[in-house]
1. Out of segment 418-468, which residues are among the polar types (S, T, N, Q), in contact with a helix residue (DSSP H, G or I) (Cβ under 9 Å, 6 or more places away or on another chain) and within 16 Å of the ligand (Cβ to nearest atom)?
2. Those residues that are open to solvent by 20 Å² or more (accessible area, probe 1.4 Å), assigned to a strand (DSSP E or B) and of a type outside the set (A, V, I, L, M), I need them from segment 232-266; list them, please.
3. Only residues in segment 494-518 that are of a type in the set (D, E, K, R) count as the first member; pair them with residues that are open to solvent by less than 30 Å² (accessible area, probe 1.4 Å) and within 16 Å of the ligand (Cβ to nearest atom), Cβ under 6 angstrom, at least 6 apart or cross-chain, and list the lot.
4. Any idea how many residues of segment 144-159 are outside any loop (DSSP other than H, G, I, E, B) and touching a strand residue (DSSP E or B) at 6+ places or on another chain (Cβ under 6 Å)?
5. Got a sec? Which of Asp495, Asp539 is more than 16 Å from the ligand (Cβ to nearest atom) and either assigned to a helix (DSSP H, G or I) or closer than 18 Å to Thr389 by Cα (or both)?
6. For segment 385-408, enumerate the residues that are more than 14 Å from the ligand (Cβ to nearest atom) and open to solvent by 10 Å² or more (accessible area, probe 1.4 Å).
7. Please state which of the following conditions Glu247 fails to meet, knowing it meets all the rest: (1) closer than 21 Å to Thr329 by Cα; (2) modelled with pLDDT under 95.
8. If I go through segment 160-200 residue by residue, how many of them are farther than 25 Å from Arg385 by Cα and out of contact with any helix residue (DSSP H, G or I) (no Cβ under 8 Å at 6 or more places or on another chain)?
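The values are calculated or read from the model by the stated rules, or taken from the named source; none is laboratory data. The structure presented is a predicted model; accordingly, all values stated were derived computationally and were not measured. Using ideal geometry, Cβ is built from the backbone for each residue, glycine included, and neighbour counts are taken over all protein chains shown. For the accessible areas, the whole protein counts, side chains as well, though only heavy atoms, and no ligand, DNA or RNA atoms are used. Shrake-Rupley method; radii C 1.70, N 1.55, O 1.52, S 1.80 Å.
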Amino acid sequence: MKTPIKIFALYALLLLSAKTSYANTASLNSLHTKDKEQDQQPLQWKAQWITIGYAEDTIAKPAQYFQKNFSCAKKVKSAIIHITAHGLYEASIGDKRVGNAYLTPGWTDYNKRLEYQTYDVTNMLKKGDNSLTVSVGNGWYRGVFGFEMHDFYGKELALLAQLEITYTDGKKEIIGTDASWKCGTGPVGANSINHGEIVDGNKSIVCDKPVTIANTGYDKLVADTSVHVTKHETFKPIKVITTPKGEMVLDFGQNLVGWVVVNAGGRKSDTINLLHAEVLDKAGNFYMDNMRTAKVKATYILTGKKQLYEPHFTYFGFRYVKVTGVHGTINPDDFTAVALYADMKPTGTFECSNPMLNKLQQNIVWGQRGNFLCIPTDCPQRDERLGWTGDAQVFSRTAAFNYDVNQYLSHWLADLALDQQPNGSLPHVIPDVLNGAGGSAGWADSSTIIPWTLYEVYGNKQILETQYPSMKAWVEFMRKGSNNNLWNTSWHFGDWLSYRDPHDDGTDAITNKQEIAQCFYAHSTQLLINAATVLNKKDDIAFYTSLLEKIKEAYRHEYITGSGRLLSDTQTAYVLALQFDMLPEANRAAAAKYLADNIHNYKDHLTTGFLGTPYLCHVLSRFGYTDLAYTLLLQDTFPSWLYPVKMGATTIWERWDGIKTDGSFQTTYMNSFNHYAYGAIGDWMYQNIAGIQLGSPGYKNIVIKPVPGGGLTWCKASYDCPNGKIAVDWKLNAGKLMLNVTIPKGSTATVILPDGKTKQVNSGTHHFEG
Ligand code: BGC
């Protein structure tokens, strides 16, 4: 049976009309959340794995289509379908798409667990003839992703689908993938995560070939607990640019992650090519060098009739799109960029009197959106897009302000625990596609830091139960790799991308990697003790408390000089030592002063990399230097958070100086313009400018402690904690703070005013001055 390309246009139309909705995860016909509850009952699979029964085009590796025509003789009372694939799948019944999730079944370590989705399709079946079609693309399973990985999990695409129908007379019927299905090709041609996709509107779905049964087994299959990737905001081009090189470029005004839907007529077989880029170069030309080997190209072959085209099994990180193949002038209305990301509930809002800070906040949020698709990634555009553990760790606390990431990060942590090595070492990236390479300080500590963050923010005790063995195994790895309690046997990334002096004046901010490692060894041990305390593991509390003392002692012996300086006289060294309480009480004030002096030596600039940055302003605030924290936050020359904002950034950059003041690029090799790590400052902004702080796990007790500074005259922020909305709204009136606070039911709050006055309040809205 032939299914015309029209259905793809229909999908696009349907889904575009659902634009900008923060649709909740169970919306449309996905049974996603219910499925989690069904988890206990393992699904009885009657369906068999199927693959194509014909020789495929091994060069193009186009999407494969599987189809089953069947008849419902009676009225359907209810129907659900379970689907998964080796590869990515999209299913339709008749001409309607099943569910609103993209890039399904998502990305887990397929060698260890593969999720299946369950959808309610009751309303999609009709009495009489029905047709179920599933297209399967290469995705992570065997497509090109990461550092040019090919066929990483296997060579053959495969499908498993089981439709369970209950009729109104109570009779049940199961239609599962089996030898009776047919397969063939359709509009989606070559497709890969890194390189993009070809969609040929002139190719119909033709499933007339036999399938082959694959003995793939069911043992890796688990019910879906992911937060689905769905469509969100849409953008129209704000400008059509003809570059100096004569290229036609659309500017969507926002660096986003997703793809461009084109409403194209043209002539039959005309080919529109879309190339994706984050930035233009100094001369204003389209710039793709930082994509490295990723071709990031969408190709639409036109039918000649006006219809919508979009890709299915890829995604792009872009603000600019270079268009070729359009005859005549481009009508910007025909192009719509669609943001795709995990359908997390937005939980935070932040606004203040400084427009640059508001832009920074928006950029942080866009960094999160663009890198929270199936897994938290370092970047969404070049030939990488991997689940770098360090990046996720440093950003996790900020992420939890902007969106509800409880389920999202718990889901990823399950893979983290599965991929942990037998010796407790943790891979640099999860899912692990680097053959176990791992064990780096600050990266592997995602195993302790993220579970603890989820416990603190959401009161999620279960995640501590679940992850405890993983947390402990990581600490044990460090302990076993230590000599006299100094952990000095692993290889480390260190304070990644910290300040390098462009003038070679000897001011590089390099922090000794072992010194950093010892701090994280202590921090992870502390978090393990915290978790053991919550879980009441008395022996572990005793053992690791005594170990922690020894770790700190070893640190003090090795890394503090006689005068109380640190071996590495860098901001990151002081920040980590102070944040993790590595120093004796008596040395802390002096160390904080060394930190402040160091910042002044760089003319009030930060020099921290990935590991120091998240804690920098927190440490300054804790030790009485909030003014300096504000100075750093408002600094707008390199290196600083506002420098990229000043340079027109719409997301967070990988490097403090991705684009230099003269418009040239710092490097081509590793220069992402959508890397959320430095966005970790968002946490300080919520906690110190707005003053929304955690009093006890799950915000049962809340601390409201705004500390105005930096010339700000007002701030308005909110955070949806598990008990409901916390809202803070302050303004300065003749130097006096006028503060309104809303506390949700079930929580209490301690309000601390800048003049030192402290008030205890219950739920409700309260006004304070002080
Ligand atoms: C990634 C980083 C990552 C790093 C390891 C890079 O290629 O983009 O964000 O954490 O490698 O240091």
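1. Ser425, Ser440, Ser446, Ser447
2. Passing the criteria: Glu233, Thr234, Phe235, Lys239, Thr242, Gly253, Asn263.
3. Pairs found: Asp495/Thr511; Asp495/Thr572; Asp495/Gly609; Asp495/Leu611; Asp495/Gly612; Lys513/His492; Lys513/Gly494.
4. 2
5. Going through Asp495, Asp539 in turn, just one is more than 16 Å from the ligand (Cβ to nearest atom) and either assigned to a helix (DSSP H, G or I) or closer than 18 Å to Thr389 by Cα (or both): Asp539.
6. Arg397, Asp404, Asn406, Gln407
7. Here Glu247 meets the rest and fails (2).
8. Residues in segment 160-200 being farther than 25 Å from Arg385 by Cα and out of contact with any helix residue (DSSP H, G or I) (no Cβ under 8 Å at 6 or more places or on another chain): 28 in total.
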